[in-house]
1. Residues of the stretch 151-170 being over 30 Å from F129 (Cβ atoms) and either of a type in the set (F, W, Y) or not in a loop (DSSP other than H, G, I, E, B) (or both), which ones?
2. Go over the candidates G117, G155, G149 one by one and state the one that is among the small types (G, A, S) and at positive phi.
3. Give me a count of the residues in the stretch 122-137 that are in contact with a helix residue (DSSP H, G or I) (Cβ under 6 Å, 6 or more places away or on another chain) and among the β-branched types (V, I, T).
4. Restricting to the stretch 188-208, count the residues that are open to solvent by less than 40 Å² (accessible area, probe 1.4 Å) and either of a type in the set (G, A, S) or over 20 Å from P28 (Cβ atoms) (or both).
5. Considering only residues of the stretch 5-32 that are of a type in the set (S, T, N, Q) and either in a loop (DSSP other than H, G, I, E, B) or modelled with pLDDT of 95 or more (or both), which is least open to solvent (accessible area, probe 1.4 Å)?
6. From the list K212, K245, pick out the single residue that is at pLDDT below 95, assigned to a helix (DSSP H, G or I) and either open to solvent by 50 Å² or more (accessible area, probe 1.4 Å) or more than 30 Å from E116 (Cβ to Cβ) (or both).
7. Out of all the residues in the stretch 325-350, which are surrounded by 10 or more Cβ atoms within 10 Å (Cβ to Cβ), at pLDDT 65 or above and not hydrophobic (A, V, I, L, M, F, W, C)?
8. Within the stretch 16-45, restricting attention to residues that are of a type in the set (V, I, T) and touching a strand residue (DSSP E or B) at 6+ places or on another chain (Cβ under 7 Å), which residue is nearest to S122 (Cα to Cα)?
Amino acid sequence: VVGIPVTTSPVFLFYHKPVFARDNLTVPVTWEQVLALAERYNGTECFVDGTILTWVLGSYAQTHGASQGLFIDAETMSNLANTSALTAALDVMRRLRRVGPRSGNCAVFEDETYLEGRCLLSITTPTTFKAAYSPEKPARFAAMRGRMGMAPFPGSTRVLDRASGNLTDCDAARCPMARVYINDTSGVRRPVNQPTPSANVVVLINSQSTVKYQFYAYSHQLAALDAKAVKAWLQDASWKGRANKNNPRFYADTPSTRRRGRSTFALGVKHTAATKAKMSAAQKGKKGKKRTAATKAKMSAAQKGKKHTAATKAKMSAARKGKKHTAASKAKMSAAQKGKKRTAATKAKMSAAQNRRRLRESRA
């Protein structure tokens, strides 16, 4: 199985800035504070996506980064799901479900209800922020433009003691990565464990399948994320005419023995006039390259039977000036010149050249 990362994004706490300013609210730092606000503003919190359970669990179970493991301890391989950390995370989810919306679209990255201005809080990614300003998104998403507040993902002052499987209070040694301190319910100032989760999309492909179907699987997953972007990628004329290992588009329907050739056979692509013009322009400027003997032979064979125009002959003549002819070349030229009638002007030039040569020989 091959895993291909498609996208990743950190997760934050989004809040409604105008409401927080109006009611003089403090941005929550722990899940206890989030729950207090959620239960106070019943029905205006957007926590409908069940995937946040994993993120909430990290607040209780991970104090030294993702390398610790989440459901299984990375060192002991013990089951962390059978601990009080998951119990606490499930309790957070249960209470949020009671006061939040009962419906939502889990097939999109952005929180639609929050973007419509109907939520006080939301756990989501910066994709939601961008969706408020994107011209391709629904106009109703503009309701939160300039009104979104972002804060670090909520955490907890109580974390999992992996040896006992129970929650215990945070301290500098147990929660070394904490950057915020608050007073807990007993009034003791403690660090808050706030690992930042990430929302990831990874395409898993069977590497034993043919390249054709691997390509189809990957492009299908991309289409599910952004159909317009994939369509533009597939229709990009700049890829046409190039088949190589970095161009999976032209591997489809292509036998492996033919992948080294030009890509016009792949996917049945026919080059348009515009594409041909681009290809022709791309070939220009490749000056100074040395041609191999095989290339020269192909070019020579291609030139046979072609009639040179007057302009072409002039260019070829100019290119030959200054070159020293070998004995073989002279013999060929002499044979070619036989039978040709010379004009009076040509005879005069040749006669003058011969006279100058004789004069030099006589002086010598």
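The values are calculated or read from the model by the stated rules, or taken from the named source; none is laboratory data. Since this is a predicted model, take the numbers as computed values, not measurements. Here Cβ is always computed from backbone atoms with ideal geometry, including for glycine, and neighbour counts include all displayed protein chains. The area values use the complete protein model at the heavy-atom level, side chains included, leaving out ligands, DNA and RNA. Shrake-Rupley method; radii C 1.70, N 1.55, O 1.52, S 1.80 Å.
1. Selection gives R158, L160, D161, N166, L167, T168, D169.
2. Checking each option against the conditions leaves just G117.
3. The initial filter retains those residues of the stretch 122-137 that are in contact with a helix residue (DSSP H, G or I) (Cβ under 6 Å, 6 or more places away or on another chain), namely 122-123, 131-132, 137.
From what's left, among the β-branched types (V, I, T): 123.
Within the stretch 122-137, residues that are in contact with a helix residue (DSSP H, G or I) (Cβ under 6 Å, 6 or more places away or on another chain) and among the β-branched types (V, I, T) number 1.
4. 4
5. T30
6. Numbers: K245 fails: assigned to a helix (DSSP H, G or I).
Going through K212, K245 in turn, the sole match is K212.
7. S329, K330, K332, T346, K347, K349
8. Residues of the stretch 16-45 of a type in the set (V, I, T): 19, 26-27, 29-30, 34, 44.
Filter again for touching a strand residue (DSSP E or B) at 6+ places or on another chain (Cβ under 7 Å), leaving 27, 29-30, 34.
On the way: V27: 12, V29: 13, T30: 14, V34: 10 Å.
Filtering first and then ranking leaves V34.
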